[in-house]
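Working notes for the structure below.
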Amino acid sequence: QFGLFAKQLASFELPLDEGPAVPVTILWGSQTGNAEGLANQMAAALAEGRFEPSVIEVVDYEVANLASEKNLLVVTSTYGDGEPPDNAVDFVDALCAESAPRVEGLQFSVLALGDSQYPDFCQAGKIVDQRLAELGGERIHERVDCDVDFDQPFELWKKGVLDVLGTGATTSKAQVTSVNGETFGKNKPFPASILKNYDLNREGAFKSTHHVELSLRGSGLEYEAGDALGVYPVNDEKVVDEILAVLSLDSEAEVPLPDGGNAPLREALLKSYDIRTLSKKLVTDWQKRSSSEVLKSIIEEDKKEVWEKFFWGRELVDLVIDYPVKFQNGEEFVAILKKLHPRLYSIASSPKAHPDEVHLTVGVVTYETHGRSRGGVCSTYLANRSEDSQPGVFVQTNKAFRPPADDDAPMIMVGPGTGIAPFRAFLEEREVRGAKGKNWLLFGNPYRATDYLYDELLEGWKESGLLNKLDLAFSRDQEEKLYVQHLMLESGAEIWQWLQEGGYFFVCGDALRMAKDVDKALHEVVQVHGVKSEDEAQDYIRNLRKEKRYARDVY
Ligand code: 2AM
């Protein structure tokens, strides 16, 4: 018996210390940099065992190579309505094509990132996972789908994959606070003082967009033009107090926090729990206590349209008021809630132009539904901050979205609405650098009189020559809607010319409609002015993307 035990021990220990390191390829596809960060953490954990991980941005990977891989991990996000991130589009296309290689002998696992608020949650990861299996790969660990709160599911996936691969190294030092290895980071946000906070829209505008300047002095946080800032919101005090009053809960009672530790209930509801977003699970948990026939029938019917209709314009406070329930205590209440997560904003400043500061362009969302006025949790929080408050922030790097390294390269920027933000940063950056390359900005918003954001700054840049071209699409100033893509088509010959000169094409803003229409317009421009077939235009643009000369920051 002892002999058998010794043998098992030996066979378990051998691979840990001896034999050649086993290669593992880790591909990442990312729009914001989260997937890259996790791919690197996974690699760090593997490297502690007997593995030799290679982390590769998926845009640089040839699908044909899959046939000779042994171990493959894929970390990919999804954006918009179920599309792969820009740098993964070609990979997913090639993987789904008939020409994709068979991959018998390949062991793989997929970590999918997404946002369950959008349709087709984690779709890109699901496609990759399914297709690798179809091509004959062996799934060594179930795909894990992560919502915006990806830390915990990632740890589970990492541990699971490490267990299967047999490193034995299940805990790792990969719990870094941020991708940059800074002291302040996602898990330890920096309290940033607000220096300025004002509305960019003029009086009479039907929407509001705030310019917010924050101080990073003493934080050690660094960023580059193109990065995003994570901001931890605080929930609306009025709504928190209303919920506490209706549920008759003691605001001072200690309750557990999502990431460990305790806090008084009111503070926990303000800072740590999502007190707005409804989910099937939350409504089901609620119904168990409420005996509501309405909720019961929705849950039993369990149809997508029925759920969507119910969720539309409703938040937790609507459940609290419309479907009365009783919780024994605060702990029982927070047990059904999810963690409040930070929101990401594209940074609107260049650190070279504003040392120790970071600027944001925040679209302030307000609306009325079911007889109650409401607002976006973080945008209203930021808009209402006075200059003495300190929101918790961290930097989210976005290496895929940078002004050209070549200061002479022409740059075309399409950024309607709050999509202007990173281009203010790009232009500031080029101004400070004294970059000679031509710059062209296409901006759009409803009305010139009220919604021309940063008008003085942009007109000044036009005058100084930093902006060679400034095209404005005020959509509602004339009978027919005028959008940035219409201006692109009008100036198609010149766009083609700039691209031929090695130009870069950047897009920022709405992913669901605008970015798609702009992409379509770009294909049309290349087809018409480059005299190409549809397929040739597609190849041309695919190549632009590969060369990182077509980059998007869309949400
Ligand atoms: P609209 O609201 O008048 O329709 C910033 O939000 C600007 O983008 C607004 O002028 C908005 O116009 C416009 N916009 C809306 N849908 C768009 C689309 N599909 N493509 C480009 N711009 C769009």
Practice prompt. Could you size up the charge dipole of region 208-335 around its Cα centre, putting +1 on the beta carbon of Lys and Arg and -1 on that of Asp and Glu, and report it in debye to the nearest 20?
Written response: 380
Response to the item:
Per the C-alpha gyration tensor (a ≥ b ≥ c, the square roots of its eigenvalues), region 225-332 is rounded if a/c is under 1.5, else prolate if a/b beats b/c, else oblate; here it's oblate
Item to complete: Work out the charge dipole of region 361-483 with +1 on the Cβ of Lys and Arg and -1 on the Cβ of Asp and Glu about the Cα centre, then indicate which of Asn445, Ser373, Gly417 is farthest towards its positive end.
Response: Ser373
Discussion item. Filter the chain for me: DSSP H helices, axial length by Cα at least 24 angstrom, mean Kyte-Doolittle hydropathy not below -0.5. List them by residue number.
Written reply: none
Worksheet item: For region 456-555, what relative contact order do you get, as a whole percent, if you take Cα pairs closer than 8 Å and at least 6 residues apart?
Response: 26
Worksheet item: How big is the charge dipole of region 487-538 about its Cα centre, in debye rounded to the nearest 20, if each Lys and Arg gets +1 on its Cβ and each Asp and Glu gets -1 on its Cβ?
Response: 120
Worksheet item: Nearest-5 percent of antiparallel DSSP beta bridges in the chain?
Response: 45
Worksheet item: Semi-axes of the equivalent ellipsoid of region 409-463: what are they in whole Å, largest first, if each equals the square root of 5 times a C-alpha gyration tensor eigenvalue?
Response: 21, 12, 9
Worksheet item: What is the Cα radius of gyration of region 308-443 over 2.2 N^0.38 Å, N being its residue count?
Response: 1.47
Practice prompt. Report the equivalent ellipsoid semi-axes for the chain in whole Å, largest first, defined as the square roots of five times the eigenvalues of the gyration tensor built from alpha carbon atoms.
Written response: 38, 35, 24
Item to complete: Using only alpha carbon pairs under 8 Å that are at least six residues apart, calculate the relative contact order of the chain and give it in whole percent.
Response: 13
Item to complete: Could you tell me whether region 378-441 comes out rounded, prolate or oblate from its Cα gyration tensor? Rule is a ≥ b ≥ c as square roots of the eigenvalues, rounded for a/c under 1.5, then prolate if a/b exceeds b/c, otherwise oblate.
Response: prolate
Discussion item. Sequence gap at least 6, Cα distance under 8 Å: using those rules, report the relative contact order of region 91-250 to the nearest whole percent.
Written reply: 14
Practice prompt. Place a +1 charge on the Cβ of each Lys and Arg in the chain and a -1 charge on the Cβ of each Asp and Glu, then give the dipole magnitude about the Cα centre in debye, rounded to the nearest 20.
Written response: 420
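None of the figures in this text is laboratory data; all of them are computed from the coordinates on show. The structure presented is a predicted model; accordingly, all values stated were derived computationally and were not measured. Reconstructed Cβ throughout: ideal geometry from the backbone, glycine too, with neighbour counts over all protein chains shown.
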